[in-house]
Every structure is written in structure tokens, then in C-alpha cells.
1. Using unit Cβ charges (K, R positive; D, E negative) and no other charged atoms, how large, in debye to the nearest 20, is the dipole of the range A:145-278 about its Cα centre?
2. Please compute the Kirkwood hydrodynamic radius over chain A, one decimal place, Å, based on all pairs of different Cα atoms.
3. For the range B:222-324, state which trypsin sites (Lys or Arg not before Pro) are in a DSSP loop and have at most 16 other beta carbons lying within 10 Å of their beta carbon.
4. Averaged over its residues, how many other protein chain Cβ atoms are within 10 Å of peptide B:73-86's Cβ atoms?
5. Give the calculated FRET efficiency between residue A:368 and residue A:310 to the nearest 0.05, with a Förster radius of 41 Å applied to their Cβ-Cβ distance.
6. May I ask you to compute the full-extension gain from residue A:164 to residue A:298, defined as 0.36 nm times their residue separation minus their alpha-carbon distance, rounded to one decimal in nm?
7. Quick one: putting +1 on the C-beta of Lys and Arg, -1 on the C-beta of Asp and Glu, what dipole do you get for the range B:180-237 around its Cα centre, in Debye to the nearest 20?
8. Report, in whole Å, the centroid distance computed from the Cα atoms of the range A:109-138 and the range B:30-104.
Amino acid sequence: MKSFNRIKKITITLPIAAIIVILMIGVSWSVAAEKINFYFPTSVQGPLTREMQKMVKQYNKMQNDVKVVATFTGSYEETKIKASAAVKAGRPPAVALMSANFIHEFVAEDQIEPIEFFLKESKQTTSDFLSDFWPGLHANATVNGKLYAIPFQNSTPILYINADHFREAGLDPDNPPKNWEELVVAGKKLIRKEGEKTTRYGLMLPMQYNYVNWVFQGFVMSNGGQYYNTHYLGEVYYDTSTTRGALQFYSDLIHKHGIMPASITNSKQVSTDFFAGRTSMMILSTGTLSHVRKNAQFNYNVGFVPSKVRNGVPIGGASMIIFKGITEKERDAAWDFVSWLTAPEQLGSWSRFSGYFAPRKSSYEMPVMKEFMAKNKDAAVALDQLQYAGPWYSTFKTVAVAKPIGDAIQAVVTGKKTVEEVIPEAQRKADELLKPYNAAHSYIQGQ
Amino acid sequence: MMVDACHLWLAMRKVKYMADNVTARGKKRLLKPFYNAGYIKAWLYLAPALLFLILFTYYPMVQVLWDSFFLKEYGAEKKLFVAFDNYRRLFADEDFITAVKNNLIYAIGTVIPSIVIGFGFALSLTQSSRFKNCIRSLLFFPTLVPLVAAAALWIFIYFPGIGLLDYYLAKLGIQSTDWLGDPDIALYSLMILTIWKNAGFYMLFFIAGLQGIGEEYYEAASLEGAGWWQKLRYVTLPLLAPTSAFVFVIALIHVFTHVDHVIVMTLGGPMGSTNLVLYYIYQNAHEFNDLAKATTATVLSVMVLLAISFFSIRTMERGIHYES
């Protein structure tokens, strides 16, 4: 009786178990989505990180072929380090959102796939594809004439002003300073002092290492300069009249007019001081727009970065890249995800949420976006300034080459050295760093 | 890492001592030391730890040393043997020299004050009472905060004008200071943070050390008519020597291996004034694409750390003899 029971049990349970196993295999087969890794940084943690995870979730729900695992990898620099480490370990992420001026480093080490490769499969030409993106963005995404990245979020420096302070000082808040002369005039009127101590500055700029060069490049461009050779990775223009002029202007703003503090203020400090009314103007990224919109307890306005001989700003931001060293299936999945994420609709919604501008022109033709732009005049100013935007400095060993001029600016700002002293030194150090590249790539007689 | 190596070395010495004792108890030393039973047992005990140390500590050290003689120019395909050229480039780099100088100032300016303060805290808080326990926990609290978090907090303390520090200094009539933005002050601001963070940690070791000193020593000293200072000088300090040596090593190693606050607060700026050697290595390896220089600087700092460790193990051993 007992043994019969056991047999009965087996005869019943066995088929059930078999059915369950078969079902499980079947189910997992049908949802065997290609799993790919996506690394992304954000400049502002918290809300942007959550929004990105939300978009990825939406994509994963929308289709069954690809499952994207999105990993927040910290700052732009940290994301570069983590991606490089993953490549070296032989397990690159499929996709990463990468700072636009680091793209060529991945190309030099042959770690990313040119976008042409995917465009060919979908029978698009590169020029057709690029024509929808703002012209200022093309240079940073292209290396030696080949497209390697798709711009995702972009920004330029922009001038923020405290409209209440302007009115109080007898200035017109609807007309922020347009050029350097007007900036000095307005700045002088906006300063407040208690005895020797300045309680309110006219203007503040971010001066810490990874931000100072970008804003300064804008001033060099305004002064008619180039800052670096956009067509060749081995040249920077530090020891030039235009760069000297821009640095002298910084020096005058601080040491002659007292409009800016003689201090290495970081971007957090600049925005905090702006919100606290301790500075009437600041120049920060357009990526800070949403943050200002939320936190300013007063009326504010925005304007172009003041010009000297022309308007000019560098474009910053990050682009999508697809790595080599992944399977063919993963690569197809990566392209599918990237195409979806960089479609006009997604770029538009990310732009509205973050404050970055959308890299595609067609994003702005969508009704939601038109409505948003009509409501937010500041975002429209940022977009207008784009016509004067050029590429972000990007050279052989970008960060190392940027450091000498960053040090130079900091030395002048703090009053340790003069423009004449620091400029030749910065150029000499940069040239030293660029030597190996020039030896390998440039035709120089006698070397 | 260095501390592990020290422990291992100490353990090996101890094992040898034990092994010698074991054989001495037997009638004769018949076998060579390496083959005797005590020795084999000792090596067996050591094996697991040794295996991991070799895999994760000694092998990478050798590899780094080897790599420091090669240069793979960024973007180039081949690695070239360059002998000591990386060392020449390193010493020609003004940023490296600045980082070394900064690190020396930082070492002297944080190790001594935090040990002295930690010792002072310990002296006044050795005897347990509810109140003293409470103060102890308060003083130990900064140790519990990760350095990254502490640095993020101190950014707001150091905020010029509206930060906590300037806010209270202003009440005393002191003008606002640019704690992190002035190249002459920034390094000292980081040092204050470090002292705040570490003094409580060292206090804990000193309290443990002080409680290990028998009451009879002090009674004897009192009978001899020793005053407070004499007791401190001739009883407490000598008997505390092993603890002090240990704390000193820990503190020195801290100075070379913790740079989270540099990354969070200053990025080595303004003008390289807060750059420390480890951050310099990090920058060269990951931001400047000069792995060879980073490797070479690593070799040098490992040598310095090894020298510190072995030098201080000697003093620690002397201390142990004193105790027994």
C-alpha cells in the first residue's frame, strides 16, 4: 500500500514537474531579450538620474527584444574611467553616454564603433543623418571625418542676471549686458560695499579645474580667438593676442574694477551666491537653467555671454557611443536602443526635464516643445545663442593640456601672477604634452 | 596593504620564536631549522594569508615596478622599454614636485596635531564615567563619517561668507575667508578637516593603551613623590610607547592613502596647491592618459610606505620587549 502510494505520487508529480520545467524554458525562450549594459553620468545627481532610469524602463517595457541595464556611473570623468576600466577588463558596456570632448580618446584607443557602420545598415548617409543636428555639435562627434557619437544632451555657457538687482541699480533687466564694455558698466553699478568689504559682487564665474576652461574658452571666442585647433588634435592657441586679451579682461574685472572676487569660486558656490543675492550676475551652463528656475527667489533673466568682437560660446555636453568588443547581437540591440533614445521625441522630453537643449532641430518642431519654449523665454535665449556656438576644446590628452591654462587663469584670478608671466608658461607646458602627437601625426621638417 | 605586510612579518617573527621554543624543549636540534616540525606547522598556518598577500599585494608591486621601465604613449600601439626615463620625466614634472611638497606639509601638519590632540583627549577621558563615555562617543563620531561625506559637509562649513565657519567668525568680528579658494589657505583647510576626522580615532587607541597600564606603577611613582608631569613623562609615555608607535604608523599611512577630500573639495586646486601624491597618481592614470608616470610615482610612494612600515615595526618590537 505504501509503495503503491509512492508510485502514485511519482506518477502524478513527475509530469507536473516536467510541464513546469517545459513552461519555464518556453517562457524564458520567448522573453530571451538581449541584455545590454548602458553607463550614464549626470552632472546633477538625484532627479536627472531618476529620470534617465525612467526612460530606460519605458524602453524596456515597450519592446521584448532588448533589455537595457542602466548604470549611473557618477560624473563625466568617472564615467570615462569606469568605461575604460571595463574595456580593459574585456567586458565593455554596450552603450555609454560620454562627455563630448572625450570621444576622440576612445577612437584613438580603437574602442568604439563608428556610427557610419550602423547608418549603412539602415541605408542612411552620414550627412543626411547629421543635418538634423545643430551644426556646432558636429565637430565634437566627428574624428578624422568619421562620425563616432550621437549628441544627446548639450549646453553652452549663458549669462544669468538678478533682475531685481538690475532694477534697483537703475539698469534695464530686459537688456542684460551685450558686450564687455556694458558688462563692466553694469558690474560697477551692481557692486555693494560695507567699508572695505564687498557684500555683493557684480559677476561670478566658476573657476574650479573642470569648469574654468570651458567658460574661459567662451571669452576667448568672444574676443575673436580660436582657443584650439578644431581640425587637428595637436595644437592649442594659448600664447595668442586673443587669449591674452580674454585673460587680461578677467584680471581687470577682478583687480581693476572689483566686479568679481579674487577667489577660485567653484560652480556650486557661484550658484549659491547667486541665489543668496551675493552676486548679481553669473555665467554658468544652460544645463543649470532648471535648477535656477526652481531655486531663484527673485526675478531673473538670461542673456548671451557678452561679446567683444563677436558672439561665441563653446558647446558642452555628452553623446552616445557604442563600444567594440561586444557580440553582434548586443551591437544590434545597442543600436536599437540608441536610435530610440536619440529620436526627436526622447531628446525633446529629456531637454524639457533637464534644461539641456535638444541636439536635434526637429525636436523643436514638435507641438509640446513649441508650447514649452513659448512658456520659458530663458530656454529660448539659450537656443538662440546656439547659432554662435562652436565645438568644445578637445585635444590629444585633453584634460592634461587644459590644466596649464587652468592654472594660469587661477594664478591671475588670485593675483599671484600677471598675464604676461603665465601665458608663455601655459603654452610651453601644453606644447610639451602635445609633442608625441605632433611627432606621430604632423609633417615637421627637421624633427 | 602595508599594515597587512607588517602584521605578516610580525607573525612570522613570532612563529619563528615559538618554533625555536618548541625545538629547545626537545632534546636536540637534529634537523635544519627549515625542516623541523615547528617550522612546517608555522608555514602551514601562514599559507592562506601568504597566498592572498602574494596574489594581491606582492605580485602587483612587482608588476608595477616592472611597468615603470616601459612607456606606452597614449594612442600608440607598442610599449617601449625606456629604462629610467619615466623617473626622469617624473622628477622634471613641476606638478609632481608640488604634490610631494604638499604631501610633506600635509603629513607634518596633520600627524603631529591629531596624535597630540588624540592623546590629550585620551588622558582626560581614561576613567569611565557616564559623562566621559558620552564625550568619548562624541569625539569618536567624526571617525564614523566616511571621508567623502565629511568632505561634502565641510564644503558648506568652509563656504566663504555664508558658511558655518565664517558665520560664527563674523560674530567675532573676523572678516570672511576664502577657505578653499585661496591657494595659500586651501591646503591648511584640508588639514583641519583631517585632524578633526582622525584625532578621535587615535584617541581610542590611546585610551586602550592607557587602560593597559597597571595602577601599581602610578602608586609606586606617588610613593616616590612624583608629580603629575613626572608621572606622565616617566611612567605613562614610556609604557605607552608601543601604542604611540602603532598610532604613528597608522597616521602616516593615512596621510598617503586618503585623498577623498581632495577629490570632493578642490580637485587639487587652486593652482595645484592641494594636490597630494595619490591624487597626482590618480590624475595621471585616469585623466591625463599618462599611465607610465602614474606607475612610476606609485613605485616611489610604495617604497616610502614600505620604509615607514619596516622602520616603525622595529620600534614597535622594541616596545613589545619593554612590555614583557
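The values are calculated or read from the model by the stated rules, or taken from the named source; none is laboratory data. Being a predicted model, the structure only gives us computed values, none of them experimental. Cβ sites come from the backbone with ideal geometry, for glycine too, and all protein chains shown count toward neighbours. In case anyone asks, the SASA skips ligands and DNA or RNA and just uses the protein heavy atoms, side chains included. Shrake-Rupley method; radii C 1.70, N 1.55, O 1.52, S 1.80 Å.
1. For the range A:145-278, the charge dipole is close to 200 debye.
2. One over the average 1/r among Cα pairs gives 24.1 Å for chain A.
3. Taking the range B:222-324 and a limit of 16 other Cβ atoms within 10 Å, no loop trypsin sites (Lys or Arg not before Pro) are found.
4. Across B:73-86, the average partner-chain Cβ count within 10 Å equals 2.
5. FRET efficiency, residue A:368 to residue A:310: 0.75.
6. 47.6 nm
7. 100 debye
8. 45 Å
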